[in-house]
Amino acid sequence: MIEKGADEYNRVRALSLNAAAQGATLTPLAELRYSSAVLRPPQIIAIGANYAAHSSELKLRVETAATVFSLWPNSLTGHESTITWPTDLTSQVDYEAELGVIIGKAAHQVSVADALDHVFGYTVVNDITARDLQFSEAQWSRCKSFDGFTPTGPVVITADEIADPQDLRLTTHVDGRILQDASSGDMVRSVAEIISYLSSTSTLLPGTLISTGSPGGAGYSRKPPVFLQDGSTVTITIDRIGFLTTHCRAI
């Protein structure tokens, strides 16, 4: 639907509204199983060190150029999923609340002023990270791409419903304890700046998911550190999008 553009979206929306108006039988959300917000993205692009507080707590520099890396598609999962990790590979599994951006129409060398016109919608991302692997390797993709380590959802809110992506509150609760609480306005580089920057060298295709970085409050930086444990539950909330819950099992 995203690849077919605005006309297809409007057609599907009209069909849905008409069916509801005609009394079609609807399935309650509680009876459905959630999938990832995007199923087969052409690319999953992550932005690192995009909040000054998070960069500081992980002792990372905020570079002149953005820190960019890829996440692997096997890491995608949905709301209320259960993720697992082998304890012989990592004992420092961390949470990261992030605003996810889904590209709607191809973006190539777009200006900052025009960048948001290329957004289909927004979602919640939990960029789960094996910190011990992250700081033992020169790249960040593997430590964040265990199966299920990129929960997204619960839904995609279309761009017309979020006028300013830099005016959203992000929170993280782990087992009921609030550990992250920040505004997307604290980003070092805004959503529009990220899209413009990435599109200057590579065409961003429809369906591409961009995870825009995490604010301060990561478990790794806390004293003592707070890592996800067997049985932990993580809930990340972003204003006007919803809450994304992930359950944890260490095996």
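In this structure, does Leu133 turn out to be in contact with a Lys or Arg (Cβ under 9 Å, 6 or more places away or on another chain) and either at negative phi or in contact (Cβ under 8 Å) with a residue 40 or more places away in the chain (or both)?
yes
Checking Ile194 against (1) within 15 Å of the chain's Cα centre (by Cα); (2) in a loop (DSSP other than H, G, I, E, B): exactly one of these is not met. Which one?
Condition (2) is where Ile194 drops out.
If a residue must be surrounded by 14 or more Cβ atoms within 10 Å (Cβ to Cβ) and either over 19 Å from Thr172 (Cα atoms) or in contact with a helix residue (DSSP H, G or I) (Cβ under 8 Å, 6 or more places away or on another chain) (or both), how many such residues does segment 97-113 contain?
10
Take segment 153-175 and flag every residue that is at positive phi and under 15 Å from the mean Cα position of the chain (by Cα).
If the condition is that a residue be at positive phi and under 15 Å from the mean Cα position of the chain (by Cα), then Gly153 is the only one that fits.
What residue, among those in segment 40-63 that are modelled with pLDDT of 90 or more, of a type outside the set (Lys, Arg) and in a loop (DSSP other than H, G, I, E, B), is surrounded by the most Cβ atoms within 10 Å (Cβ to Cβ)?
Taking the candidates together, the pick is Asn50.
If you check every pair at least six apart or on different chains, which have Cβ atoms under 7 Å apart with a residue in segment 1-21 that is at pLDDT below 95 first and a residue that is surrounded by 10 or more Cβ atoms within 10 Å (Cβ to Cβ) and not hydrophobic (A, V, I, L, M, F, W, C) second?
Met1/Glu8; Met1/Tyr9; Ile2/Gly104; Ile2/Pro206; Ile2/Gly207; Glu3/Pro206; Glu3/Gly207; Gly5/Lys105
Could you say whether any residue in segment 222-236 is part of a helix (DSSP H, G or I), surrounded by fewer than 21 Cβ atoms within 10 Å (Cβ to Cβ) and at pLDDT below 95?
No, segment 222-236 has no match at all.
Taking the condition assigned by TED's automatic domain parsing to the domain that holds Trp140 and closer than 19 Å to Ala49 by Cβ, does Gly213 pass?
yes
Step by step: first the residues of segment 123-177, then only those that are of a type in the set (D, E, K, R) and part of a strand (DSSP E or B), then the one that is surrounded by the most Cβ atoms within 10 Å (Cβ to Cβ). Which residue is that?
For segment 123-177, the residue satisfying everything is Arg169.
Look at Gly213 and say whether it is of a type outside the set (A, V, I, L, M, F, W, C) and in contact with a helix residue (DSSP H, G or I) (Cβ under 8 Å, 6 or more places away or on another chain).
So Gly213 fits the description; yes.
The values are calculated or read from the model by the stated rules, or taken from the named source; none is laboratory data. Bear in mind that the values here come from a model prediction, so they are computed numbers and not experimental data. Virtual Cβ from ideal backbone geometry, glycine too; neighbours counted across all protein chains shown.
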